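Undergrad: A single structure is presented below for examination.
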Amino acid sequence: MAAQSSVNVAQSAFVCQLCDHNKVEWKCEECGIFLCSTCKEKIHPRLKSSEKHRIVSIQDIWKNIEPWNYGKMTRVEADTLLKKYNHMGDGAFLVRESRTLTGNYILSILIKDETVHLRIHTKEESGQLKYDFNGNLFDSLDNYIEFLKHGTHIFVFGVSDKAISLTKPIPK
Ligand SMILES: [Zn+2]
Ligand SMILES: [Zn+2]
């Protein structure tokens, strides 16, 4: 999936495409290349009409892509992180990928001071991967999350006596 791979790219400390050496800190939207700070200052300005190029920080790119997506993370790591943000209350959440089962996503949510982990079910429909929430099918995790933010769909028996919606992602 394109969205997931871009998260992985932003997460890893990969090297500048101009010098092949320093850590990437910027991306030029026009050139479509990732740059270190040195090349941003010294090399990129020498490129043709580069003064009009938009250069964005890699941190901003990473924050804006699926802010709730934490990539691969264990249940214990998710518990620890959610507990730390317990003050955010019911519905604060994150999405993680199973460490043991690649491609399996789990929604980890705070409900009544507890952490709840819900497996995100998928299903193939006419060759397309869909994310399934109780029979509601979504093309992307983003649409799946949006649906759960805009309605009280999550009911976890034994944890809360009423259904809740997702609120805010745990900040990165
Ligand atoms: Zn460089
Ligand atoms: Zn450029």
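The values are calculated or read from the model by the stated rules, or taken from the named source; none is laboratory data. Not measured: the values here are computed from a predicted model. Virtual Cβ from ideal backbone geometry, glycine too; neighbours counted across all protein chains shown.
Undergrad: Output the residues belonging to the stretch 43-60 that are of a type in the set (A, V, I, L, M, F, W, C), under 16 Å from residue 24 (Cβ atoms) and surrounded by 14 or more Cβ atoms within 10 Å (Cβ to Cβ).
TA: 43, 55, 58
Undergrad: Just to be sure, is residue 107 touching a helix residue (DSSP H, G or I) at 6+ places or on another chain (Cβ under 9 Å), among the aliphatic types (A, V, I, L, M) and without any contact (Cβ under 8 Å) to a residue 60 or more places away in the chain?
TA: Working: touching a helix residue (DSSP H, G or I) at 6+ places or on another chain (Cβ under 9 Å): yes; among the aliphatic types (A, V, I, L, M): yes; without any contact (Cβ under 8 Å) to a residue 60 or more places away in the chain: yes.
When the stated conditions are applied, residue 107 passes them.
Undergrad: Name the helices (runs of 4 or more DSSP H) wholly within the stretch 13-99 that hold at least 3 residues that are closer than 28 Å to residue 117 by Cα?
TA: Numbers: elements: 37-42, 58-64, 75-84.
The qualifying helices (runs of 4 or more DSSP H) are 58-64, 75-84.
Undergrad: If you check 58, 43, 33, which single one turns out to be under 18 Å from residue 171 (Cα atoms) and within 13 Å of ligand 1 (Cβ to nearest atom)? Steps first, please.
TA: Details: 43 fails: under 18 Å from residue 171 (Cα atoms); 33 fails: under 18 Å from residue 171 (Cα atoms).
Every option except 58 fails the conditions.
Undergrad: Sort through 96, 75 and tell me the only one that's at pLDDT 90 or above, more than 16 Å from ligand 1 (Cβ to nearest atom), charged (D, E, K, R) and in contact with a helix residue (DSSP H, G or I) (Cβ under 9 Å, 6 or more places away or on another chain).
TA: Numbers: 75 fails: in contact with a helix residue (DSSP H, G or I) (Cβ under 9 Å, 6 or more places away or on another chain).
The conditions single out 96.
Undergrad: Ok, one more. Write out, first by first residue and then by second, each pair whose Cβ atoms fall under 7 Å of each other, whose residues are 6+ apart or on separate chains, and whose first residue, in the stretch 134-162, is surrounded by 13 or more Cβ atoms within 10 Å (Cβ to Cβ) while the second is small (Gly, Ala, Ser) and at pLDDT below 90.
TA: Listed by first residue and then by second, the contacts come to 140/3.
Undergrad: Still on this structure, please answer the following. Show the residue pairs that are 6+ apart or on different chains and have beta-carbon atoms under 6 Å apart, the first residue being within the stretch 41-61 and on the phi < 0 side of the Ramachandran plot, the second being away from ligand 1 (no atom under 14 Å from the Cβ).
TA: 44/50; 53/30; 54/29; 61/10
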